[in-house]
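Enquirer: Have a look at this one before I ask anything.
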Amino acid sequence: MSDQEKPDISSIIRLLGPGLAELLSGRQIELENVELELGELELWIPVGGISPSIYPAPVPGGAGQLAPPVKRLPRPDELLSEKFLMEPDVFSSKVREITLGATRADGGTRGSTVTVGGSTSIPFTHPQSPPPHPPVISLDVFDTRVPMPKALKSHLTEVIDDPAAWAKMNVEQFGADMVTVHLLSTDPLIQNKSPRDASKTVEEVLQAVDVPLIIGGCGDPKKDAETFTEIAAMAEGERLLLNSVTSDMADAKTLEPVCKAADNHGHCLLGFTGLDLNSAKELNRRIYQYFPPERLLMDLTTVALGYGLEYSFSIHERARMAALMGDKELQHPTISACTNAWSAREAWMDLGPAFGKNDLRGPLWETIGGLTLLLAGVDLFLMMHPLAVSTLRDVAGKLMHPAEINLGMADWAALKI
Amino acid sequence: MKEEHKKSIREISPIDVYKLLPRTNCAECGEANCMAFATRVVNGEAVIEGCPPILTKKYEKDLSKLQELLAPPVRAVHFGSGDHQLTIGGKHVLYRHEFTYQNPPPIAIDISDDMENEQIAARIKKVQDFAYTYIGRPLSLDALAVRSVTQSPDRYAEVIQQICGLCNLPLILCSTDPAIIQAGLSVCAERKPLIFAITKENWKEMGELVLDTGCPVVVSAPGDLSLLRTLVRTLQEWGIEDMVLDPGTFHSDRIGQTIHLFTALRKAAVKNFDALSGYPILGTPISVWNGQELSDDLNRWQEAYLTSMLITRYADLLIMHSLEGWALLPQLIWRFGIYTDPRKPVSVDAGVRTFGNPDKTSPVLITSNYALTFFTVESDIKAAKIDCHLIVIDTGGLSVEAAVAGRYLTASKIAESLKEWKADTLVSHKYLIIPGLAARLSGETEDETGWRVLVGPRDSSGIGQMIRERWPPVEE
């Protein structure tokens, strides 16, 4: 699907049906009446090197009788001309470029592939150095019912028990570049479905859509290794992204077999670590023993806005900076599980009339999490809400290739609103 | 543009500071010695004025050298007066992980002089009443940006007068017409408003007003950083010091221009120490209302995500039009988050925390040791005024959901923690409340610990209600 064919915001809004369309057109306001009170908590925040009090306090006095507090020098007759020159930053290294999915020509069955990574600079800092690829957006599909806020569930009712149909909707209606199939049913503590059952689900999705797939496990290091191994063989050559391999797999002695299976059958891997660059580097070193770095991506953990998004933001900025400066162990494209935004209570809870319209607050929560990490350099986003998806795609395109400056657009001071 | 420069905050060593301190180890600052104090200063944990002796006449020169050494490359500018004064800018670095960002950007909401007086009063009340408590911290809006739409100086002065009678919020006077600004200043100069704006057309007249009143001023040159530097240089020569830069906030298909402009300016200031770029930056997401005719909610939607991007990319002050809670709340929370100390640990210590005055019959709850999870649970329990024991389990700093999925929080981990923290001595019952997000561990946990498991709410805001309704538990 080319960019022109991707649905824009307004068509997404139409798709979402009358509820959201009416909200966005301002015709219907939903008010909830729930108060949330939290207690006291002091977070320590450093104060900086010099006290603000060293700056002179403002001098009171009316306009007519103000003594000029500023030293008045002779006014220059004309503007003193200056230039602003800013060269793009040049870095010594770049992030690895990885293609996900494979067409028939490359041994798979996908109709299209996506390429992530390849960055040579911090994104969107200079017009001459746009990222080589737009961010890739993968929409989630779950193979089992998971608790979900109403704002997410409402447009999924007809497909929620059918991963293939759900995947098809993600691609055809919401313009997903990829689909992530979360095989939560394999969780030994939930349904404990067999790797063969899981593999069958993936097969159905592969047949239903022709975009590249991400395969999500249940988090159990033993079970995921079995499931991934089974699926790797079944989907030989499809260049799936297996999400994810962890240091727990190394501890459970399942890292080697799962890496080898992924390698032998031509897939890509995602290494997952929890907000710690040293762990990420250590896991990568372990994976390199069994798997080519050229097909490895990283998930450094995405936490929701309000629940530590700043940790995710800073770790991604640090990782990308280190990668560009030459740290080979961090020169992998990164992904963000943006959907985690919905774990923040502020995304879904009724917070009273002053914070009305959960229908917009939730998708905005997901959007802001995504845009923040886009600025930090994340390459691939796992998302759910169609409005967040279309906004991220739309903004990313305009960040990469902005139109020429139009002076009137920044006017607001005398604007009649 | 690169000049011979002073050291950045990252390059200043404790020795640099120590050399200029009295070096008497008097300990009046509360530290053991001058070196310890110097270390805290370069880490941003103490201010130089925390050393009482250095404020005396004897060390006057050293103090001014220290202030120069530690001065941020982006000037700190103040507007508003008294208790309501706001400080903007004062930035040291480009990246948050280099040094804690200073001075969170105030958010100003616009008032326009074509609004009815009642409408203005209602809008001010909404700004003042807007409040949200986030992990125990009150979040609120900060200022008003008063725009001249009617282009009548009399009406503008009248509106400013009305606003001053209703609130003490710091003001930004917005017009490029010096006659309008003069009318506004005639009724509120003593409040030290920020003036918007000096442009290449009005700089001579507007500059006079700035010098007459000593108010800080925004220098506006949308999309043209060369012009911006030209204006700043000219105004500096004229003696104007307190400036704020407006590189223009473009939106929609030009949003990339805005991010480039803001980043270039900030980079010039903190990496190249360009004195003409070293001022706070004004972001005006309100510009989106100048776009093509869209529904109000679509404008709010655009304004909201643009604001959050400008909080991330170097805005030191923001002007918005939307007053809807859904659009503002994420801004206030993101601003809070990105301005926290990046060294703040991701995790808190595992162990038992007690709330209120728990006894042997009080509930026992567990949670993860991810800092934000713990703070949230802690403030929810305090708000609900419950007497209880909370066992914080070492989940590797992951939230409950991530820890369960990643097997950092398991039944055996729970059993281990109950043993380690001697849960059986805390209470005489054997009921354990686990987070709703860990519900799937309940069966195994009962097997491994011998405790009965009660599954708590999925969000800790529900703890109060759960305890009220289900505690003490009734034996089936």
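Only the coordinates and a few stated rules stand behind these numbers; no lab work does. As the structure is a computational prediction, the values presented were derived from the model and not from experiment. When we count neighbours, we look across all protein chains shown, and the Cβ atoms used for this are built from the backbone with ideal geometry, even at glycine.
Enquirer: Find the centroid of the Cα atoms in the stretch A:260-319 and in the stretch B:80-131, then give the distance between the two in whole Å.
Expert: What the calculation gives is 38 Å, centre to centre.
Enquirer: What average number of partner chain Cβ atoms lie no more than 10 Å from the Cβ of the residues making up B:283-294?
Expert: Details: counts 0, 4, 1, 4, 6, 2, 4, 8, 1, 0, 0, 4.
The mean count of partner-chain Cβ atoms within 10 Å per residue comes to 3.
Enquirer: Return A:E226, B:E293 ranked ascending by Cβ neighbour count within 10 Å, so the fewest neighbours appear first. Please list the in-between numbers first.
Expert: Working: A:E226 20, B:E293 6.
Taking fewest neighbouring Cβ atoms as first place, the list is B:E293, A:E226.
Enquirer: Please determine, in degrees from 0 to 90 and to the nearest 10, the orientation of helix B:117-129 with respect to the longest principal axis defined by the Cα atoms of chain B, where the helix direction is its Cα long axis.
Expert: So the helix axis and the longest Cα principal axis differ by about 40 degrees.
Enquirer: Counting only Cα, what are the radius of gyration and maximum Cα-Cα distance Dmax of the stretch B:76-338, in Å?
Expert: Cα-based Rg and Dmax for the stretch B:76-338 come out at 17.3, 49 Å.
Enquirer: Sort all Cα-Cα distances of the stretch B:14-70 into consecutive 10 angstrom bins from zero, then give the percent of pairs in each bin up to the one containing the longest distance.
Expert: Histogramming the stretch B:14-70 at 10 Å steps yields 27, 64, 8 percent.
Enquirer: How large is the helix-only mean residue ellipticity at 222 nm for the protein assembly as shown, computed as the sum of -39500 (n - 2.57) over DSSP H runs with n ≥ 4, divided by its residue count, in deg cm²/dmol to the nearest 500? Each step should come with its number before you reach the end.
Expert: On the way: 30 runs with 322 residues, N = 893.
One gets -11000 deg cm²/dmol as the mean residue ellipticity at 222 nm.
Enquirer: Moving to a separate point now. Indicate the gyration tensor shape class of the stretch B:254-352 (rounded, prolate or oblate), computed on the Cα atoms with a ≥ b ≥ c the square roots of the eigenvalues: a/c under 1.5 is rounded; otherwise a/b larger than b/c is prolate and the rest oblate.
Expert: Working: a/c = 2.90, a/b = 1.16, b/c = 2.50.
Because a/c hits 1.5 or more and a/b fails to exceed b/c, the stretch B:254-352 counts as oblate.
Enquirer: May I ask you to give the average projected area over all directions of the convex hull of the Cα atoms of the stretch A:311-417, in nm² rounded to one decimal?
Expert: On the way: hull surface 39.1 nm².
With the hull built on Cα positions only, its mean projection is 9.8 nm².
Enquirer: Please list, in chain and number order, the residues 5+ apart from A:V114 or on another chain whose amide H is under 5 Å from its amide H, with Hs placed from the backbone.
Expert: Excluding prolines and chain starts, which carry no amide H, the hits are A:L100.
Enquirer: In whole Hz, with x marking every Gly and Pro, tabulate ³J(HN,Hα) for the stretch B:364-378 from phi via Karplus 6.51 cos²θ - 1.76 cosθ + 1.60, θ = phi - 60°.
Expert: Going residue by residue, I get 10, 10, 10, 8, 8, 9, 5, 3, 5, 5, 4, 4, 5, 4, 4 Hz, with x marking Gly and Pro.
Enquirer: Please sort B:337-343, B:181-187 by packing, taking for each peptide the average over its residues of neighbouring beta carbons within 10 angstrom, highest first. If you can, show how the numbers build up before the last one.
Expert: Details: B:337-343: 18.1, B:181-187: 23.4.
Ranking, from highest mean packing down: B:181-187, B:337-343.
Enquirer: Next question, about the same structure. Kindly express, to the nearest 10 degrees and within the range 0 to 90, the angle between helix B:203-213's C-alpha long axis and the longest C-alpha principal axis of chain B.
Expert: That helix lies at roughly 70 degrees to the long axis.
Enquirer: Quick one: 3J(HN,Hα) in Hz for the stretch A:180-186, Karplus 6.51/-1.76/1.60 with θ = phi - 60°, rounded, Gly and Pro as x.
Expert: 9, 9, 8, 8, 5, 5, 7
Enquirer: How far is helix B:225-238 tilted, in degrees, relative to the longest principal axis of the Cα atoms in chain B, given as a value from 0 to 90 rounded to the nearest 10?
Expert: Once rounded, the angle reads 70 degrees.
Enquirer: Would you list B:S252, A:S390, B:S13 from fewest to most Cβ contacts within 10 Å? Working shown, then result.
Expert: Numbers: B:S252 20, A:S390 24, B:S13 12.
Ranked by crowding around the Cβ, least crowded first: B:S13, B:S252, A:S390.
Enquirer: Hey, could you get me the Stokes-Einstein D for the protein assembly as shown, Kirkwood radius over alpha-carbon pairs, 4 °C and 1.567 mPa s, rounded to whole µm² s⁻¹? Spell out each step's value before the answer.
Expert: Values: Rh = 29.1 Å.
In µm²/s, the coefficient rounds to 45.
Enquirer: How far is the Cα center of the stretch B:440-476 from the Cα center of the stretch B:315-357, in Å?
Expert: 29
Enquirer: Checking the table B:K91/B:K267; B:K7/B:K65; A:K222/B:K413; A:K71/B:K7 against a 21 Å threshold on Cα-Cα, which pairs fail?
Expert: A:K71/B:K7
Enquirer: Can you give me the C-alpha center-to-center distance between the stretch A:132-160 and the stretch A:66-126, rounded to a whole angstrom?
Expert: Result: 31 Å between the Cα centres.
Enquirer: A further question on this structure: Using alpha carbon coordinates only, what is the Rg to Rh ratio of the stretch B:351-470, with Rh defined as the Kirkwood radius?
Expert: Result: Rg/Rh = 0.91.
Enquirer: What is the order of A:H332, B:H78, fewest Cβ neighbours within 10 Å to most?
Expert: On the way: A:H332 29, B:H78 21.
Going from sparsest to densest Cβ surroundings: B:H78, A:H332.
Enquirer: Follow-up question, since we're still on this one. Averaged over B:246-255, how many beta carbons belonging to a partner chain fall within 10 Å of each residue's beta carbon?
Expert: 6
Enquirer: 5 Å is the cut-off here: which amide hydrogens, built 1.01 Å from N in the peptide plane, fall below it relative to A:V303, excluding neighbours closer than 5 in sequence?
Expert: A:S312
Enquirer: Other chains' Cβ within 10 Å of B:362-372 residues: what's the mean? Mind showing how you got there, number by number?
Expert: Working: counts 0, 0, 0, 0, 0, 0, 0, 0, 6, 4, 9.
That average works out to 2.
Enquirer: While we're here: Where both residues lie in the protein assembly as shown, what percent of DSSP beta bridges are antiparallel, nearest 5? If you can, show how the numbers build up before the last one.
Expert: Numbers: 18 of 83 bridges.
The answer is about 20 percent antiparallel.
Enquirer: Work out the charge dipole of the stretch A:119-262 with +1 on the Cβ of Lys and Arg and -1 on the Cβ of Asp and Glu about the Cα centre, then indicate which of A:H133, A:L240, A:P257 is farthest towards its positive end.
Expert: Looking along the dipole axis, the top candidate is A:H133.
Enquirer: While we're on this one: Can you work out ³J(HN,Hα) from phi for every residue in the stretch B:385-392, in order, using Karplus 6.51 cos²θ - 1.76 cosθ + 1.60 and θ = phi - 60°, giving whole Hz and x for Gly and Pro?
Expert: Ordered by residue, 3J(HN,Hα) equals 6, 9, 8, 6, 10, 10, 9, 8 Hz.
Enquirer: Reachable lysines from A:K200, Cα under 17 Å, same-chain residues fewer than 8 places away excluded?
Expert: Within the straight-line cut-off, A:K200 pairs with A:K168, A:K223.
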